[in-house]
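Here the structure comes first, spelled out in structure tokens, and everything after it is commentary.
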Amino acid sequence: LTLESELLQAFDRGEFVVHYQPRLDAGTRQVVGAEALVRWRHPSRGLVLPGEFIPICEDTGLILPLGRWVLEQAARQAALWHQRGHALTVSVNFSARQIQSQALVETMDQVLLDSGCPPQALEMEITESLLLGEDSAMLGQLDALNKRGLRIAIDDFGTGYSNLAYLERFPLDCLKIDRSFVNQLETRPAIAELIISMCKVLELQIVAEGVETTGQLDWLRAQGCHHYQGFLSSPAVPADRFETLLAPV
Ligand code: G
Ligand code: G
Ligand code: MN
Ligand code: NA
């Protein structure tokens, strides 16, 4: 059985599961959001991480149904948390094929309607390479989604390209600093400093990824970084475990 046919089977058999990594306020250290991260509960290999199967899903097109399924799970979870009084932002990773799909707006509308999730509770994470082209159809769709109140974040910022013109052209709310820069904060802080100053000028919310030490968190807070994710607080965990991290309402 090739991994590709195994993946199709896995989808039909319901072997995928969504875990949530908490996103915290850098000042209060309260949980303010969650990043939805898909995992594959493989019958013999155990929990398989997306690095191993998302690229194959992207090549085969399975990313469209899988991506929609993840989105539906995340929207339902966000709606539930909101109903219980937790005003969390739930972030979902989007692949190029999903963002470039002409059905994107229709899909998002349908998912919001079916889940009862408020648009402000969902954030779409897209990588910067997608924003480089002069894709006016894509820009139009992202504008329409942003006008509905959906949030848009740039993921893995700093790892892609140096042409920054897209930062002003697209309707962006948030920028996630790639963990490779957070890693080197104590020895090589220059890039992180630059990204944070740039976010202030552009009035983008700043999320630091991959925060593992209180030293890193202290530095980020002092620089004015708003939110963080990372093993310092928690890896991605199942929804029920995630809820134990929330302050009581
Ligand atoms: O789960 P892990 O922490 O190993 O995440 C690895 C990467 O897999 C993430 O950075 C993210 O870009 C990608 N990823 C995780 N879940 C999804 C998903 O639902 N859709 C897409 N397109 N990518 C995902
Ligand atoms: O969307 P993105 O590519 O940023 O997905 C997050 C990835 O980063 C996942 O693979 C997740 O397991 C990983 N991750 C999350 N927090 C940390 C951390 O503090 N340290 C490291 N090394 N990896 C992390
Ligand atoms: Mn991400
Ligand atoms: Na990232």
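The values are calculated or read from the model by the stated rules, or taken from the named source; none is laboratory data. As the structure is a computational prediction, the values presented were derived from the model and not from experiment. Quick reminder, even Gly has a Cβ in these numbers, built from the backbone with ideal geometry, and neighbours come from all protein chains shown. Please note that ligands, DNA and RNA were not included when accessible areas were found on the heavy atoms of the full protein model with its side chains. Shrake-Rupley method; radii C 1.70, N 1.55, O 1.52, S 1.80 Å.
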Which one of the conditions (1) modelled with pLDDT of 95 or more; (2) surrounded by fewer than 17 Cβ atoms within 10 Å (Cβ to Cβ); (3) not β-branched (Val, Ile, Thr) does Gln100 fail to meet, given that it meets all the rest?
(1)
So which pairs qualify, if the first residue must be in segment 203-231 and acidic (Asp, Glu), the second must be part of a helix (DSSP H, G or I) and open to solvent by 50 Å² or more (accessible area, probe 1.4 Å), the Cβ gap must be under 9 Å, and the two must be at least 6 apart or on different chains?
Glu209/Arg179; Glu212/Arg179; Glu212/Asn183
Scope segment 74-102; condition more than 13 Å from ligand 1 (Cβ to nearest atom) and either hydrophobic (A, V, I, L, M, F, W, C) or free of Cβ contacts under 8 Å to residues at least 60 places away in the same chain (or both); matching residues
Arg76, Ala78, Ala79, Leu80, Trp81, His82, Gln83, Ala87, Leu88, Gln102
Restricting segment 110-123 to residues that are open to solvent by less than 60 Å² (accessible area, probe 1.4 Å) and either under 18 Å from the mean Cα position of the chain (by Cα) or of a type in the set (Asp, Glu) (or both), the one nearest to Asp155 (Cα to Cα) turns out to be Glu123
Of all helices (runs of 4 or more DSSP H) fully inside segment 124-215, the set with 3 or more residues that are more than 25 Å from Gln102 (Cβ to Cβ) and under 19 Å from the mean Cα position of the chain (by Cα) is 179-183, 190-202
Among the residues of segment 217-244, count how many are assigned to a loop (DSSP other than H, G, I, E, B) and within 19 Å of the chain's Cα centre (by Cα).
9
Looking only at segment 195-231, count how many residues are farther than 17 Å from Leu172 by Cβ and either more than 16 Å from ligand 3 (Cβ to nearest atom) or among the aromatic types (Phe, Trp, Tyr) (or both).
15
Of all residues in segment 34-67, which are on the phi > 0 side of the Ramachandran plot and either open to solvent by 30 Å² or more (accessible area, probe 1.4 Å) or within 16 Å of ligand 2 (Cβ to nearest atom) (or both)?
Gly46
Would a scan of segment 182-197 turn up a residue that is within 15 Å of ligand 4 (Cβ to nearest atom), aliphatic (A, V, I, L, M), open to solvent by less than 20 Å² (accessible area, probe 1.4 Å) and touching a residue at least 60 places away in the same chain (Cβ under 8 Å)?
no
Segment 24-37, subset assigned to a strand (DSSP E or B) and closer than 16 Å to Gly224 by Cα, residue farthest from ligand 4 (Cβ to nearest atom):
Asp25
Which of (1) more than 14 Å from ligand 3 (Cβ to nearest atom); (2) open to solvent by less than 60 Å² (accessible area, probe 1.4 Å); (3) polar (S, T, N, Q) does Asn163 not meet, given it meets every other one?
(2)
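Conditions tested, residue by residue: (1) at pLDDT below 95; (2) touching a Lys or Arg at 6+ places or on another chain (Cβ under 7 Å); (3) over 27 Å from Gly224 (Cα atoms).
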position	(1), (2), (3)
Arg39	no, no, yes
Pro43	yes, no, yes
Leu104	no, no, yes
Leu112	no, no, yes
Ser115	no, yes, yes
Based on what the data block shows, is Arg169 under 27 Å from Leu112 (Cβ atoms), in contact with a helix residue (DSSP H, G or I) (Cβ under 9 Å, 6 or more places away or on another chain), in contact (Cβ under 8 Å) with a residue 40 or more places away in the chain and surrounded by fewer than 17 Cβ atoms within 10 Å (Cβ to Cβ)?
no
The residue that is modelled with the highest pLDDT, considering only those in segment 151-203 that are among the small types (Gly, Ala, Ser) and away from ligand 1 (no atom under 16 Å from the Cβ), is Ser197
Taking segment 68-97 as the region of interest, how many residues are in a helix (DSSP H, G or I) and open to solvent by less than 20 Å² (accessible area, probe 1.4 Å)?
7
